[in-house]
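Since the structure comes first, as structure tokens, the remarks are kept for the end.
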Amino acid sequence: MNRGSFIIFLFLVSQTLSAPEYGKKIQYDGCDPVALDDPPVVMSDSAISRPIYPIRRCTKTLIVVILDESGSMDVQKADVIGGYNSFVDNQRAIKNDQARLILIKFSSGVNIAHRAIELAEVPHLTTSSYRPGGSTALYDAVSEGIRIAETAANSDERVLVLIMTDGEENSSKKATSSSVKAMIRKKEALGTWTFAYIGQNPDGWASQMGQSKHNVIVYDLQNQGSNMEKASDAVAKFRAAAAPQSSAFFAQT
């Protein structure tokens, strides 16, 4: 055996020894184990045929939920609580994206319920922790959510800001439409931030904030639980994708 053939032989042996067994679950990058039931694809590289094994990427997402707690939400409070809790449970079931969650509630003021905690640790809402009342300081809430997220986000996390409201801004004391728009555009320019809006007059919000029309939908006043269902579905699809940012957040729901 000449030297060239011997080198090729050693390479092929190393590939065989390092290859995972079919039917055996292996783990990539901290993701859930994946069973290799199918044979590998054989590619040609430098005249050497070698198996190419599946690669499962894990993403990391910081989810920021900005939830309306103004007085108008009281009518269907139970639906909002149940919908949010189902949202949390559904997101916990997604294993190939490591997510943390920030919850900000707002009415006349802004209430930071929790800051960037693992989904497994996120508590459910109850009638004690979700008590609608007051007006709608929407701009202040979005501004505060962005501020907290930019401090909490790790360099390998994409950030998803989900805004949910049944009304429109009427009582912010610090932030304005123009200041919030500037913050959103600055973060979107980074390529790792996505903003989604479920609320009244979504087209107006998209135009006002310079957002994609595919990242906004109308808030259903008749069935508030369905709003969380739509949000959960869209968030799940976003987390399942590898894209760091989306301008078609609700397009596939």
Hey, S207 of a type outside the set (D, E, K, R), surrounded by fewer than 16 Cβ atoms within 10 Å (Cβ to Cβ), in the same structural domain as Q91 (by TED's automatic domain parsing) and closer than 15 Å to A141 by Cβ or not: no
Where a residue in region 223-244 is touching a residue at least 12 places away in the same chain (Cβ under 8 Å) and its partner, wherever it lies, is basic (K, R), with Cβ under 6 Å and at least six apart: A242/R57; P244/R158
Residue in region 131-165 that is farthest from A99 (Cα to Cα), counting only those that are of a type in the set (A, V, I, L, M) and assigned to a helix (DSSP H, G or I): L138
Residue in region 222-240 that is closer than 24 Å to K60 by Cα, assigned by TED's automatic domain parsing to the domain that holds D89 and outside any helix (DSSP H, G or I) present: no
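Of all residues in region 184-218, which are outside any helix (DSSP H, G or I) and free of Cβ contacts under 8 Å to residues at least 24 places away in the same chain? Talk me through it step by step, then tell me what you get.
Here is the first cut: in region 184-218, the residues outside any helix (DSSP H, G or I) are 189-201, 210-212, 216-218.
Scanning region 184-218 gives A189, L190, V218.
A quick yes/no check of all residues on (1) surrounded by fewer than 16 Cβ atoms within 10 Å (Cβ to Cβ); (2) of a type in the set (A, V, I, L, M); (3) assigned by TED's automatic domain parsing to the domain that holds D203; (4) without any contact (Cβ under 8 Å) to a residue 24 or more places away in the chain:
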position	(1), (2), (3), (4)
V110	no, yes, yes, no
T151	yes, no, yes, yes
E157	no, no, yes, no
L160	no, yes, yes, no
M164	no, yes, yes, no
S178	yes, no, yes, yes
Odd one out for L138, checked against (1) surrounded by fewer than 20 Cβ atoms within 10 Å (Cβ to Cβ); (2) modelled with pLDDT of 95 or more: (1)
Tabulated pairs, region 81-96, first over 19 Å from T165 (Cβ atoms), second among the basic types (K, R) and buried (at least 16 other Cβ atoms within 10 Å of the Cβ), C-beta under 6 angstrom, 6+ apart or interchain: I94/R239
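The values are calculated or read from the model by the stated rules, or taken from the named source; none is laboratory data. Just so it is clear, the model here is predicted, and its values are computed rather than measured. Cβ atoms come from the backbone with ideal geometry, glycine included; neighbour counts cover every protein chain shown.
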